[in-house]
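Accompanying notes for the structure given below.
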Amino acid sequence: MTLHIAGAGMAGLCAAARARELGRDGVVYEKGNRAGGSMLLSSCVVWRYLDLDAFREECPHGDRELQAAVIERLDDGLAWLRSLGADVVWEETGNPRTVGMRFDPRSLTDALVRAAGEIRFGESAPDGAEPLLLATGGFQGDRNLVREHIAPAGELMLRANPWSAGDGLRLALVRGAKLSSGLGEFYGRAMPAPPAAVPEERFVELAQLYGRHALVLADTGEEIVLEQISWSEIDLVQTIARLPNAQAWYVVDEAVLEVEVRGRTVREMIEAARGAGGEVLLPNELGVDLPDTYRYAVHVVAGITHTIGGLVVDAGGRVLDDDGHAVEGLYACGVDAGGFSAGGYSSGLATALVLGLAAAESALRD
């Protein structure tokens, strides 16, 4: 039996490598021209919350069974990645809420490609292929699906590979699959707004991660106030997505310029935006009356990295229908599978790793 895998991002590669370990053939179909998906463009930190209670608190609308699988299996999964020869950059996450490690994205991609076996670039899985494991990476690359489910008030900046455009979602729905919670949610970052030049190799470097330290204004000048901006700022980015043009201004006081976020100061992030051609103004140029201590106004746009909602699956990656029954021969992993982090944020790479392994095991066992 051959396991057919749609997508050569982290989830699909993990599934293919696990299938080979179990002595079975697998073929990975990647419609793009390279492996690694959006993992290759990321900071490549693979992490989990400290325990299930913390996960539930951070992502209250997510599926408890899926969250428990991440808590239970991630540490062994990280050891497995290291055993494949992937280079570790950091042994920890730098966040007291989480545990995990940071890999070099190129090294991790190369290690998984070596372990995965046959990859066919520029191809989609053939019609009728079974068992079929969907790992196409979500639907953020399809503007129509983004408009339908996320409904931003402007065009989101695609902060991901261009090939994750809902192929898995569409195929599964035709076969009777059920959609998960969190379809209107996404993980992303505030990025320098156009006319800034933001090539994919600078997605991490150009992220503006200081929204909770800034005064946030809509393009209209209205102040945007959230009750409490989360540590990940995902709630702020989703709020910006629903402002006119999906854009806002981060207005920064001199007192926070040396605050460090994920290894960079606020000042350094502002200068990176300026260097990329982004709009960095004096606050008084916005026509808003502010104290003299405000030094910079940075124009940002909501960038989307991956969708949070997707297909309903069980902890073995089996795609489920409206009645909770498994759709025969169909599996999903990575962010094609929804329900992990609805209502909050968790590591997309962790779900790719854990469910990629589990889905391959289920497909071969079933």
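Based on this model, can you work out whether Ala214 counts as under 25 Å from the mean Cα position of the chain (by Cα), open to solvent by less than 10 Å² (accessible area, probe 1.4 Å), at pLDDT 95 or above and closer than 13 Å to Ala190 by Cβ? When the stated conditions are applied, Ala214 does not pass them. Looking only at residues of segment 284-315 that are under 30 Å from Ala16 (Cβ atoms) and polar (S, T, N, Q), we find that the one that is most open to solvent (accessible area, probe 1.4 Å) is Thr305. Picking from residues in segment 71-105 that are part of a strand (DSSP E or B) and touching a Lys or Arg at 6+ places or on another chain (Cβ under 9 Å), the one that is most open to solvent (accessible area, probe 1.4 Å) is Trp90. For segment 316-334, residues that are crowded, with 20+ Cβ neighbours inside 10 Å, under 16 Å from Arg73 (Cβ atoms) and small (Gly, Ala, Ser) total 2. The residue that is farthest from Asp366 (Cα to Cα), among those in segment 166-184 that are aliphatic (A, V, I, L, M) and surrounded by fewer than 23 Cβ atoms within 10 Å (Cβ to Cβ), is Leu183. Residues of segment 111-151 that are outside any loop (DSSP other than H, G, I, E, B) and open to solvent by 60 Å² or more (accessible area, probe 1.4 Å): Arg114, Glu118, Arg120, Phe121, Arg143, Asn144, Arg147, Glu148.
Mind listing whichever residues of segment 201-211 are in a loop (DSSP other than H, G, I, E, B), closer than 21 Å to Gly138 by Cβ and open to solvent by 50 Å² or more (accessible area, probe 1.4 Å)? The one that is in a loop (DSSP other than H, G, I, E, B), closer than 21 Å to Gly138 by Cβ and open to solvent by 50 Å² or more (accessible area, probe 1.4 Å): Val204. For segment 157-200, a tally of residues being of a type in the set (Lys, Arg) and in a helix (DSSP H, G or I) returns 1. From the list Arg242, Arg262, the lone residue that is under 22 Å from the mean Cα position of the chain (by Cα), surrounded by fewer than 16 Cβ atoms within 10 Å (Cβ to Cβ) and modelled with pLDDT under 95 is Arg262.
Among the residues of segment 340-347, is there at least one that is part of a strand (DSSP E or B), in contact (Cβ under 8 Å) with a residue 12 or more places away in the chain and either open to solvent by 10 Å² or more (accessible area, probe 1.4 Å) or in contact with a Leu (Cβ under 8 Å, 6 or more places away or on another chain) (or both)? Checked against the condition, which is being part of a strand (DSSP E or B), in contact (Cβ under 8 Å) with a residue 12 or more places away in the chain and either open to solvent by 10 Å² or more (accessible area, probe 1.4 Å) or in contact with a Leu (Cβ under 8 Å, 6 or more places away or on another chain) (or both), segment 340-347 yields no hits at all. Against the condition under 22 Å from Gly154 (Cα atoms), modelled with pLDDT under 95, out of contact with any Ser or Thr (no Cβ under 7 Å at 6 or more places or on another chain) and of a type in the set (A, V, I, L, M), how does Leu290 come out, does it pass? The answer is no for Leu290. Scanning segment 321-339 for residues that are over 29 Å from Gly188 (Cβ atoms), part of a loop (DSSP other than H, G, I, E, B) and not acidic (Asp, Glu) yields Gly324, His325. Scanning segment 217-228 for residues that are surrounded by fewer than 18 Cβ atoms within 10 Å (Cβ to Cβ) and in contact with an Asp or Glu (Cβ under 8 Å, 6 or more places away or on another chain) turns up just one, Leu226.
The values are calculated or read from the model by the stated rules, or taken from the named source; none is laboratory data. All values derive from a computational prediction rather than experimental measurement. No Cβ is skipped: glycine too gets one built from the backbone with ideal geometry, and neighbour counts run over all protein chains shown. Accessible surface is based on the protein model in full, side chains and every heavy atom, while ligands, DNA and RNA are left aside. Shrake-Rupley method; radii C 1.70, N 1.55, O 1.52, S 1.80 Å.
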